[in-house]
Amino acid sequence: MASRVVIPQQARGEAVENKVHKKNPVAHDGKNRRALGDIGNMVAAARGGVEGKPNRPMTRSFHAQLIANAEAARAAEKNKKQMVVPDAGRRIEALKANNNNKIVNVKPKPIEVIDLSSDTEEVKKKPEKPLNNMKKEVEVGGGASLRKKAPTLTSVLTARSKAQIVDIDAADVDNELAAVEYIEDMYKFYKLVENENRPHDYIDSQPEINEQMRAILVDWLVEVHTKFELSPETFYLTINIIDRFLAVKTISRRELQLVGISAMLTASKYEEIWAPEVNDFVCLSDRAYTHEQILRMEKIILGKLEWTLTVPTPYVFLVRFIKASFPGDKQLEHMVYFLAELGMMHYATIMYCPSMIAASAVYAARCTLNVGPVWNDTLKLHTGFAETQLIDCAKHLSNLHSMAEKAKLRGIYRKYMSSERGSVALLTPAKALLPSL
């Protein structure tokens, strides 16, 4: 900001005095010197004077005239402002009618509301509704209001379909061990890689081993597993190791039990906190094999499998599918495990992938216990199988259930006859899944 130059008072006075002396060089005695005009005269001179008189003196009458003119101007301005009616949509005009000076009140015009539609750029004018009857409506799209529309058939079916899918992980949100944030991605990965480590049909490539010998081995391992009180993960991983090893290595009949012992030892080391010792397996085999033979076979198995033990067995899918089926129903849970283990003992189920064996066991168990509906949207979502895809495998498991009572190998049947496991082996198999006579 530029600063204003201030002229000292004394210098300014001297300049005025010098100017006066120049105009009146003779009058130094003060007789003919004109008096300085007062403030009023200076203002009048600056404005060019009044009525053509530039140097009119500020008398009392002239001062009073100026004040009167100023007041008249203010009054006129005030009256002018009062006569202006604000343009707000509601105007009241004062009219004179019938020469009686009567004021007629004119009703205010309705306020015009401009509505811009999103579909057209046309401007619509609508009169505003009275305040007491006004209903606020928001225009959407081409003038459609947000009032609740009548539900269509498609929307009803979609809503019902979503309502039937149960969030099976809702109760485990606060459980850090449940890994709710990653569980869906984990099972997508299991489904993706379950066929990578799945054993192919190998029984014809083994000259000294047949399906019955394999079933005898698995039936004996069920009793060993129960005696050691091992976890279910250990049993299913043991069967997986045996099948994968037999698919790549030809062995003799005498070594088959040794393969089963070494496979269970390896699975126990992988799954259990306290795995059984080698000497325990030596005693269970009635010293048919030595300590060194078991460890040597274990090393051969791991070499052939390239130390790949992290594989999705049927048990991995059983846990998830049971949770999606009917969590908390112990009888249904025991029935599912009973059917799944029957399938693991028989070689014919090797043609099915682990997830299908697990889903079929759940389906057959629900049919056996008359749980309705047999298959729902929640199970279809989490298993990835429709009901029609599971019929063949479920029929096979139910057929094994019907023959378990009279079979020679009754290890699994005796295991699930106990009251601890709900005596599910004694229940009647699902007639709808059995072959018609």
Quiz item: In whole percent, what relative contact order does region 203-305 give with Cα contacts below 8 Å and a gap of six or more residues?
Solution: 30
Quiz item: Just in region 264-308: which chymotrypsin sites (Phe, Trp or Tyr not before Pro) are loop by DSSP and have at most 14 other Cβ atoms within 10 Å?
Solution: Trp274, Trp307
Practice problem: Using a Förster distance of 25 angstrom, determine the FRET efficiency expected from the C-beta separation of Asn175 and Lys269, and round it to 0.05. | Solution: 0.35
Quiz item: Ranked highest first by the average count of other Cβ atoms within 10 Å around their residues, in what order do 167-175, 408-416 fall?
Solution: 408-416, 167-175
Quiz prompt | Where GluC sites (Glu not before Pro) fall in DSSP loop in region 365-437, at most 12 other Cβ within 10 Å | solution = Glu405
Quiz item: If you put +1 on each Lys and Arg Cβ and -1 on each Asp and Glu Cβ, how big is the dipole of region 329-415 around its Cα centre, in Debye rounded to 20?
Solution: 400
Quiz item: Taking θ as phi - 60°, what are the ³J(HN,Hα) couplings along region 370-375 by the Karplus curve (6.51, -1.76, 1.60), each to the nearest whole Hz, with x for Gly and Pro?
Solution: 6, 8, x, x, 5, 9
Quiz item: Got a sec to turn the phi values of region 402-408 into Karplus ³J(HN,Hα) couplings, 6.51 cos²θ - 1.76 cosθ + 1.60 with θ = phi - 60°, whole Hz, x for Gly and Pro?
Solution: 5, 9, 5, 5, 9, 6, 6
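Say the cut-off is 27 Å between C-alpha atoms; which of Lys188/Lys299; Lys227/Lys406; Lys380/Lys431; Lys191/Lys406; Lys191/Lys304; Lys269/Lys395 go over it?
Working: Lys188/Lys299 32 Å; Lys227/Lys406 24 Å; Lys380/Lys431 23 Å; Lys191/Lys406 36 Å; Lys191/Lys304 24 Å; Lys269/Lys395 35 Å.
Over 27 Å Cα-Cα: Lys188/Lys299; Lys191/Lys406; Lys269/Lys395.
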Quiz item: Farthest toward the dipole's positive end in region 314-433, which of Met403, Val374, Leu390, given Cβ charges of +1 (Lys, Arg) and -1 (Asp, Glu) about the Cα centre?
Solution: Met403
Practice problem: In debye, nearest 20, what is the charge dipole magnitude of region 203-305 about its Cα centre with +1 on Lys and Arg Cβ and -1 on Asp and Glu Cβ, if you could check? | Solution: 400
Practice problem: Using a/c under 1.5 as the rounded threshold, could you call region 378-437 rounded, prolate or oblate? The axes a ≥ b ≥ c are square roots of the C-alpha gyration tensor eigenvalues, and prolate needs a/b larger than b/c, oblate otherwise. | Solution: oblate
Quiz item: If only Cα atoms are counted, what is the Rg of region 314-433, and what is its Dmax, in Å?
Solution: 12.9, 39
Exercise. Hey, can you find the accessible area per residue of region 308-353 for me, probe 1.4 Å, expressed in square angstrom?
Key: 33
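The values are calculated or read from the model by the stated rules, or taken from the named source; none is laboratory data. Owing to the predicted nature of the structure, the values given are computational and were not obtained by experimental measurement. Because the Cβ atoms are built from the backbone with ideal geometry, glycine has one as well, and the counts that use them run over all protein chains shown. Each accessible area value is taken on the protein alone, full model and side chains, heavy atoms only, with ligands, DNA and RNA left out. Shrake-Rupley method; radii C 1.70, N 1.55, O 1.52, S 1.80 Å.
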